[in-house]
Amino acid sequence: MFDFTFHNPTRIIFGKDTETRIGQELKQAGLGRVLLVYGRESIKRSGLYDRVTQSLKTNNIAWVEHAGVSSNPLLSHVRAGVELAKKAGVDGLLAVGGGSVLDEAKAIAVGALAADDIWHYFIGTEDRRPAGLHGTDHSRHRQRDERQRGGHQRGHPAEICHPQ
């Protein structure tokens with residue numbers, strides 16, 4: 001057995017209409033410009049996109065969109081998100097959707113802070129860990145499927161998380 005200390009401060013806000021608080025939460029975390037990462041069109045059809053972006057507007061949080069995350073994220077799409085995050089000078093990421101959206105956003109966060117290509121982290125040739133990740137996930141899509149597969153559990157209607 002290895003001795004270790006694990007410290008993982010996470011704030012989870014759970015409940016009805018909590019997605020309307022995301023702008024306030026990002027502002028309190030000191031973020032002013034985020035990369036909004038989401039899948040296809042389901043967040044727009046459900047109205048979630050409008051509620052989230054209204055909260056961002058209300059709290060003067062600027063955003064740049066990176067849409068089109070597929071159910072099995074592609075490296076090319078991750079790289080495009082890394083490039084966009086660097087070019088736009090975002091100081092955080094906001095993932096709106098399910099597990100694949102969150103996974104891609106985490107990869108983009110690492111890539112945006114890294115000097116090397118993100119692929120080096122996947123194949124294990126890069127051992128430095130970029131610091132400063134702020135991630136947020138609002139998720140209610142595919143929650144039953146992920147629980148059945150033993151994967152991530154997501155709150156309904158929204159789970160707001162951001163590592164400090």
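The values are calculated or read from the model by the stated rules, or taken from the named source; none is laboratory data. Quick caveat, the model's predicted, so the values are computed rather than measured. We place every Cβ from the backbone using ideal geometry, glycine too, and count neighbours over all the protein chains shown.
In the list Ala80, Ala109, which residue meets the criterion of being crowded, with 18+ Cβ neighbours inside 10 Å and modelled with pLDDT of 85 or more?
Only one candidate qualifies: Ala109.
Looking at Ser71, is it modelled with pLDDT under 95 and not aliphatic (A, V, I, L, M)? Reasoning before the result, please.
Values: modelled with pLDDT under 95: yes; not aliphatic (A, V, I, L, M): yes.
Against the criterion (modelled with pLDDT under 95 and not aliphatic (A, V, I, L, M)), Ser71 qualifies.
With the range 10-74 as the region, which helices (runs of 4 or more DSSP H) entirely inside it contain at least 2 residues that are touching a helix residue (DSSP H, G or I) at 6+ places or on another chain (Cβ under 8 Å), more than 21 Å from Ile108 (Cβ to Cβ) and in contact (Cβ under 8 Å) with a residue 12 or more places away in the chain? Please lay out each step first, then the result.
Numbers: elements: 22-28, 42-45, 48-58.
Qualifying helices (runs of 4 or more DSSP H): 48-58.
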